[in-house]
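The values are calculated or read from the model by the stated rules, or taken from the named source; none is laboratory data. For clarity, every value in this text was computed on a predicted model and none was experimentally measured. Ideal geometry is used to build each Cβ from the backbone, glycine not excepted, and the neighbour counts take in all protein chains shown. Accessible surface areas use protein heavy atoms only, side chains included; no ligands, DNA or RNA. Shrake-Rupley method; radii C 1.70, N 1.55, O 1.52, S 1.80 Å.
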Amino acid sequence: MSPKTLYDKIWDAHVAHESEDGTCLLYIDRHLVHEYPVSDVRQGIVHIVGPEQGWTLPGMTVVCGDSHTATHGAFGSLAHGIGTSEVEHVLATQTLIQKKSKNMKVEITGKLRPGVTAKDITLSVIGATGTAGGTGYVIEYCGEAIRDLSMEGRMTVCNMAIEGGARAGLIAPDEKTFEYVKGRPHAPKGAAWEAALSYWQTLYTDEGAHFDKVITIKGEDIAPVVTWGTSPEDVLPITATVPAPESFKGGKVEAAQRSLDYMGLTAGQKLTDIEIDTVFIGSCTNGRIEDLRAAAEILKGKKIKVKRAMVVPGSGLVRAQAEEEGLAQIFIDAGFEWRLAGCSMCLAMNPDQLSEGERCASTSNRNFEGRQGYKGRTHLVSPAMAAAAAITGHLTDVREMM
Amino acid sequence: MEKFSKISGVAAPLPLVNIDTDMIIPKQFLKTIKRSGLGVNLFDEMRYDRQGNEIADFVLNKPAYRQAQILVAGDNFGCGSSREHAPWALADFGIKAIISTSFADIFYNNCFKNGMLPIVLPQEAVDVLMKDAEKGSNARIEVDLESQTVTSSDGQSFKFEVDAFKKHCLLNGLDDIGLTMEKAKSIDAFEAKAAMERPWA
Ligand code: SF4
């Protein structure tokens, strides 16, 4: 048998029908629904609650009517965000009409340097490939730096596969994955667990399997990064300066100029000189316990200099755990608002909005115009970088605070 | 779903790259689950000022482009949300086809489900059509799905690729669910087999 990628294996195990032209009906194991009721402690963002409850398991096909469904790929499950018509199709037929995507391997080799996190990996990959770089592909993230990440970190990486244009992101399951899943409310138990486990252990890319595109980044080369513009591909190391629009090519010149105008920045300005009004820590990208720990670590015993700062845990369970670990108190003492679980300022559907011109260091995933409020300005960063900016009042290299 | 075969219409030029779904339809309009009525809020933040007045120099506010049926857009059109409000808003406005060098995957799929044709062409072709679109209402671009061609107002033709199944559905106005139901037997058989092999799922 010819060697297969992880994607090939999951795909092959779910094709319920294949037409001559390659259009397939892909069988869907799980259809996640977006929000839990507010009254439930398990309430929160589906991409955080799903894995917590053991709804997401390796080797599964998962869909949800939200583009960040890619998050669940951290478990080695093939997770697609789908639109309303496709949701209706899944409800009626338990399948999705799909053609197989191409395979892309994104390998992060070696070790990360201190102060560099999963968010910096995923932003750096988008910075390298562009927001359309993943179009038509399913990405498998691999390499030592990915293996070294916790499950939380892996979810952060896969979460933003979609910002890189990919149809889904995947990470092969390993001992860490199994350890995380074991004992969760909806995870298999007893004999079913043993059977599942022996199947899951076959879910990896075979030696010599074919990828249509391969990208390799050295873990040591990744710095803490921030976005300067209004597209997630506008990524630079914190030590850099705001780029000149002329330094780009084609349609991007105009887009970069528009971004700089929108963001109120001038070419050549040092990123660390950019003053911040607001800090938001949370979202399905960075609203997990480890994210809160990383931010609290920097904030411990310090006070914020920004006008407002808020932490919005991704789920009720994350919130409860953070209170138990004393993280909530660290945030409150530093001057942060300690909020109920949810999406909050990630998309500004509620009163948590930026006002015109207000500048936010945010751990969310989209810096589109108006994403966090009309004319609001968003810089995407890791939780540790967000905490550093909160303390100094401007974008800051977190490594100087460690 | 309405059938799509051939259109000939005014194309609005939107050269910006990375036009995202939030720009197409800002999120305050995402609460509706109705597919119609979103056209007035298409490109809301670029099209209207804070008081709700039209911004005169936004392309769709210009007299020439108010009835545009085609958009010629910059690279990576439609990145962002998986919700279908962006295609709904475009379709409700009257857009039937969108031409770009690339589209975000989910958006691309969602277009077909709403009777719209997204067309991927190489940069040089998009450049020609963008120039053509800039000529205003005198320039009518023709899109022919059957022969998979786009023709500029001065007769330059470009061939585009489209998935055979998607083309078939669009040409005949077929609905996916109905088609899949015809394969119910295969799905049932698969389901039974999967229940044996992976009972935990
Ligand atoms: S946190 Fe933001 S990106 Fe994630 S599901 Fe909520 S609104 Fe969407």
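Mind putting a number on the dipole of region A:313-376 about its Cα centre? Charges go on the C-beta only, +1 for Lys and Arg and -1 for Asp and Glu, and I need it in Debye to the nearest 20.
About 300 debye.
Could you check the simple spin-label distance between B:ARG66 and A:ARG147, using points 7 Å along Cα→Cβ, in nm with one decimal?
6.5
So for chain B: antiparallel DSSP bridges make up what percent, rounded to the nearest 5?
50
Quick one: work out the % antiparallel among DSSP beta bridges in region A:11-118, nearest 5.
55
Could you report region A:219-329's accessible area per residue, 1.4 Å probe, as an integer in Å²?
40
What residues qualify as long-range amide H neighbours of A:VAL106, i.e. H under 5 Å apart, gap of 5 or more or another chain, H built at 1.01 Å from N?
A:GLU140, A:TYR141, A:CYS142, A:ILE215
Hey, for a label at A:SER355 modelled as a point 7 Å past Cα toward Cβ, could you say which residues of region A:362-401 have their backbone N under 19 Å away?
A:370-379
Name the long-range amide H neighbours of A:ALA79: under 5 Å, sequence gap of 5 or more, or other chain; modelled H, no Pro or chain starts.
A:VAL62, A:GLY73, A:GLY169
State, to one decimal in nm, how far the label point of B:ASP127 lies from the label point of A:LYS189, with both points 7 Å from Cα in the Cβ direction.
Once both label points are built, they end up 6.5 nm from each other.
Between their Cα atoms, which of B:LYS96/B:LYS167; A:LYS100/B:LYS27; A:LYS252/B:LYS135; B:LYS6/B:LYS166; A:LYS102/B:LYS3; A:LYS100/B:LYS166 are more than 19 Å away from each other?
Pairs exceeding 19 Å: A:LYS100/B:LYS27; A:LYS252/B:LYS135; A:LYS102/B:LYS3.
Distance between Cα centroids, region B:1-61 to region A:110-146: provide it in whole Å.
Each part's Cα centre sits 33 Å from the other's.
What figure in square angstrom, to the nearest 10, would you give for the accessible area of A:TRP193 with a 1.4 Å probe?
20
For region B:144-172 and region A:248-265, what is the separation of their Cα centres, given in Å?
33
At a 1.4 Å probe radius, which order do A:ARG339, B:ARG35 fall into by accessible area, largest first?
Listed by decreasing accessible area, they come as B:ARG35, A:ARG339.
If each DSSP helix of 4+ residues adds -39,500 (n - 2.57) and the sum is divided by the residues in the protein assembly as shown, what number results at 222 nm, nearest 500 deg cm²/dmol?
Calculated mean residue ellipticity at 222 nm is -8500 deg cm²/dmol.
Considering only the protein assembly as shown, what is the antiparallel percent among its DSSP beta bridges, to the nearest 5?
35
For every other residue with a beta carbon closer than 12 angstrom to the beta carbon of A:THR216, add +1 if it is Lys or Arg and -1 if Asp or Glu, then tell me the sum.
Taking every other residue near A:THR216 into account, the sum is 0.
Short version: ³J(HN,Hα) in whole Hz for each residue of region A:228-236, in order, from phi by Karplus 6.51 cos²θ - 1.76 cosθ + 1.60 (θ = phi - 60°), x for Gly and Pro, what are they?
Values, residue by residue: 9, x, 10, 10, x, 7, 7, 10, 9 Hz.
A:TYR180: accessible area at probe 1.4 Å, nearest 10 Å²?
For A:TYR180, solvent-accessible area is about 40 Å².
Please work out whether the protein assembly as shown counts as rounded, prolate or oblate from its C-alpha gyration tensor, where a ≥ b ≥ c are the square roots of the eigenvalues and a/c under 1.5 means rounded, while otherwise a/b larger than b/c means prolate and anything else oblate?
Oblate is the answer for the protein assembly as shown, as a/c is 1.5 or above yet b/c matches or exceeds a/b.
Which whole-Hz couplings ³J(HN,Hα) result when phi for each residue of region B:20-36 is put into the Karplus expression 6.51 cos²θ - 1.76 cosθ + 1.60, θ = phi - 60°, listed in order with x for Gly and Pro?
Values, residue by residue: 9, 5, 5, 6, 5, 8, x, 5, 5, 9, 7, 6, 6, 10, 8, 7, 10 Hz.
Projected onto the charge dipole of chain A (+1 at Lys/Arg Cβ, -1 at Asp/Glu Cβ, origin at the Cα centre), which of A:ILE126, A:PRO243, A:GLY22 gives the Cα projection farthest towards the positive end?
Of the candidates, A:PRO243 comes out farthest on the positive side.
Taking a point 7 angstrom from the Cα of A:THR266 along the C-beta vector, which residues in region A:242-256 have backbone N less than 20 Å away?
A:242-248, A:256
Note down the accessible area of B:LYS31, probe 1.4 Å, to the nearest 10 Å².
140
Near A:THR117, within a Cβ-to-Cβ distance under 14 Å, what is the net charge of the other residues, with Lys and Arg +1 and Asp and Glu -1?
Once all neighbours under 14 Å are counted, the net charge is 0.
What are the residues whose amide H is under 5 Å from the amide H of B:VAL72, where those residues sit 5 or more places off or on another chain and H is modelled from the backbone?
Excluding prolines and chain starts, which carry no amide H, the hits are B:ALA12, B:LEU14, B:ILE99.
Please compute, for peptide A:11-19, the average count of beta-carbon atoms on other protein chains lying within 10 Å of each residue's beta-carbon.
Per-residue shielding by partner chains comes out at 4.
For A:GLN329, what charge total do you get from the other residues with a beta carbon under 12 Å from its beta carbon, if Lys and Arg give +1 and Asp and Glu give -1?
Summing Lys and Arg as +1 and Asp and Glu as -1 gives -3.
Assuming R0 = 25 Å, can you tell me the calculated FRET efficiency for the pair A:ASP174 and A:MET402, based on Cβ-Cβ distance, to the nearest 0.05?
0.30
Considering only B:PHE190, B:PHE103, B:PHE160, give the residue with the highest GNM mean-square fluctuation for chain B, with springs between Cα atoms whenever their separation is below 10 Å.
Comparing B:PHE190, B:PHE103, B:PHE160 in the GNM, the peak value goes to B:PHE190.
About the Cα centre of region B:99-201, what is the dipole size in debye to 20, counting +1 per Lys and Arg Cβ and -1 per Asp and Glu Cβ, all else neutral?
With only Lys, Arg, Asp and Glu charged at Cβ, the dipole is about 220 debye.
Report, ordered by chain and residue number, the lysines lying within cross-link reach of A:LYS182, taken as a straight Cα distance under 30 Å and ignoring same-chain residues fewer than 8 apart.
Straight-distance partners of A:LYS182: A:LYS4, A:LYS9, A:LYS105, A:LYS111, A:LYS119, B:LYS193.
Quick one: if you stick a label point 7 Å off each Cα along the C-beta vector at A:GLU207 and B:GLU191, how many nm between them?
With each label placed 7 Å out from Cα toward Cβ, I get 4.2 nm.
Is there a simple number for the mean count of other chain Cβ atoms within 10 Å of the Cβ of residues in B:173-184, and what is it?
Mean number of neighbouring Cβ atoms from other chains: 4.
Can you tell which of A:SER362, A:SER247, A:SER382 shows the greatest fluctuation in a Gaussian network model of chain A with Cα springs below 10 Å?
Highest fluctuation of the listed residues: A:SER247.
Show me, for region B:98-114, the HN-Hα J-couplings you get by feeding each phi into the Karplus relation (A = 6.51, B = -1.76, C = 1.60, θ = phi - 60°), rounded to Hz, glycine and proline as x.
10, 10, 7, 7, 6, 10, 5, 3, 5, 4, 4, 4, 4, 4, 4, 5, 10
What residue among A:HIS89, A:VAL106, A:MET155 has its Cα farthest toward the positive end of the dipole of region A:77-168, where the charges are +1 on Lys, Arg and -1 on Asp, Glu, each on the Cβ?
Going by the Cα projections, it comes out as A:VAL106.
Could you tell me the distance between the Cα centroids of region A:202-247 and region A:323-342, to the nearest Å?
32
Which lysines have a Cα lying under 18 Å from the Cα of A:LYS307, excluding residues fewer than 8 positions away in the same chain?
Result set, ordered by chain and number: A:LYS375.
Only Lys, Arg, Asp and Glu count, each charged at its Cβ (+1, +1, -1, -1), so figure out the dipole size of chain A about its Cα centre, rounded to 20 debye.
520
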